[in-house]
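Down below is the structure, laid out as structure tokens.
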Amino acid sequence: MLCAVQAVCLAVGVHIDGKTAVELTVTAEDRMQLESIARSQSLPAALSRRAQMILRLADGETNSAVARRYRVSRPTISLWRKRYAELGIAGCTTSSSRSTTPHGRG
């Protein structure tokens, strides 16, 4: 349950710690797809976790709280929040920014 201060902060896209977060709006259709992805046992586990993270963020959890829950860094949460905000569900399916090209080649 959100307190009044948290609700106001979330409405304007500012977290309690004062940092501005990328606004996250999840449509009803996207929520249904994200919930399906989050429950899936046939899709890659990483994709399922990303969907779970996006759902928690959409429900008002802070980046820090989601990062603690899934044992990832806050920058990782910010990355997926931003990718979802910019690209929708397609942003969740893109791999991380890590290069698969060996160092010194390519």
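A short reminder: the numbers here are calculations on the coordinates, not readings from a lab. Because the structure is predicted, anything quoted here is derived from the model rather than measured. All Cβ positions, glycine included, derive from the backbone under ideal geometry; neighbour counts span all protein chains shown.
Taking region 46-77 on its own, how many of its residues are closer than 16 Å to GLY91 by Cα and either small (Gly, Ala, Ser) or not in a helix (DSSP H, G or I) (or both)? The total comes to 4. Restricting attention to region 37-62 and to residues that are of a type in the set (Gly, Ala, Ser) and either under 14 Å from TRP80 (Cα atoms) or loosely packed, with under 12 Cβ neighbours inside 10 Å (or both), the residue that is farthest from the chain's Cα centre (by Cα) turns out to be SER42. Taken over region 25-45, the criterion of being assigned to a helix (DSSP H, G or I) and either within 23 Å of SER73 (Cβ to Cβ) or in contact (Cβ under 8 Å) with a residue 60 or more places away in the chain (or both) is satisfied by LEU34, ILE37, ALA38, ALA45. For region 63-77, which positions are among the small types (Gly, Ala, Ser) and crowded, with 17+ Cβ neighbours inside 10 Å? ALA67 - this is the single residue of region 63-77 that is among the small types (Gly, Ala, Ser) and crowded, with 17+ Cβ neighbours inside 10 Å.
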